[in-house]
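Enquirer: The structure's right below; bear with me while I get my questions together.
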Amino acid sequence: MANLCIGALVAFGPVPGTALVPAFGLSSTLMAWFVLRLRLTVAARDRAIDELRRSKTEADQLAGLGLLASGMAHELGTPLTTLAVTLDDWAEIGLPEGTARQKDLETMVAQLKRCRAIVTRTLQAAGRERLEAAAAVPAEAEIRRILALWSGARGRTRVPVTADTSLRGAQMLSAPILEAALINLFDNAESAAPGTVAASLSRAGDRLILRLTDRGPGFPETVLSQPGTPFVSGTGAPGRGLGLFLARNAIDRLGGRMTLRNSATGAEVEIAFPLLDRPQTEEATDARA
């Protein structure tokens, strides 16, 4: 419209400084082209952002399902191994007699029930995977519960846990994916250094710090240089290396951060979870005020 107006002025009346008309026409045309290009660029950016959001949502869903599948695979390993060992013994030396056979059958039935419970729990959790099942829980009690669950499922003594008194009353966000993530980490530590896993809980401001340690060989350099990268494993076995990736993804989705390092005695995993309450020092300050 600016170009049409200046054209009308030139056509129907003398315009002083007519040498400026081409400059005006060029500048107004460039401005119109710039605004149009800007609108097209913004529209393209919005489409790209929508696509990234969709891709991230799908990736989160896949990672969550992968974490559940990985956790289920770890949990099913022990009862299936027990069944396989018992059946192999029967195949090699024949069926036992009397009470020995009854004891073996009771063990096999118990392990089958455990497998069914694991599958049922995983399917139930899969339907709530987008954190609808997340809830605020006492932080220390939740970590201790998961550790006790893992220890009982593996038939080993409870993992020693030390906890700061500052965690009393502190709450955190928990979901089924957290249980699967921590069980993955416990299994990794136990396979690297059986019977040496230990845990400590402390508080740093508004975050819960969970440290898992073992007395094993530590993380390989390939894992430390690419923490949580899929299919990067110190064993080099095909199909391995998803555990840390899925655990890191689940912890990130709950607002936490996972750090891997080696200590003088073995491997160390540090996980920082956001707490849902304020530090006790702040509460005490407010009370005094």
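Enquirer: Show me the ranking of peptides 54-60, 198-204, 183-189 by mean Cβ neighbours inside 10 Å, starting with the highest. Let's see the in-between values first.
Expert: Details: 54-60: 11.3, 198-204: 16.7, 183-189: 23.1.
By packing density, highest mean first, the sequence is 183-189, 198-204, 54-60.
Enquirer: Sort 165-177, 104-116, 34-46 for me by packing, meaning the mean count of neighbouring Cβ atoms within 10 Å per residue, highest on top. Walk me through the intermediate numbers first.
Expert: Numbers: 165-177: 19.0, 104-116: 13.6, 34-46: 10.0.
In descending order of packing, they fall as 165-177, 104-116, 34-46.
Enquirer: Can you tell me which of 6-12, 253-259 comes out highest on packing, and rank the rest after it, using the mean Cβ neighbours within 10 Å?
Expert: On the way: 6-12: 11.6, 253-259: 16.6.
Going by the mean number of other Cβ atoms within 10 Å, highest first, we get 253-259, 6-12.
Enquirer: Express in nm, to one decimal, how much length is gained between residue 42 and residue 145 on full extension, taking 0.36 nm for each residue of separation and deducting their alpha carbon distance. Before the final figure, lay out the partial values.
Expert: Values: separation 103, 0.36 × 103 = 37.08 nm, distance 4.96 nm.
Contour length minus Cα-Cα distance gives 32.1 nm.
Enquirer: Quick one: if the Förster radius is 51 Å, what FRET efficiency do residue 202 and residue 50 give, using the C-beta to C-beta distance and rounding to 0.05? The partial results should precede the final answer.
Expert: Values: r = 41 Å, r/R0 = 0.81.
Step by step, r from the Cβ atoms, then E = 0.80.
Throughout, read-outs are computed from the coordinates displayed, never taken from laboratory work. Being a predicted model, the structure only gives us computed values, none of them experimental. Please note: Cβ atoms are built from the backbone with ideal geometry, for glycine as well, and neighbour counts cover all protein chains shown.
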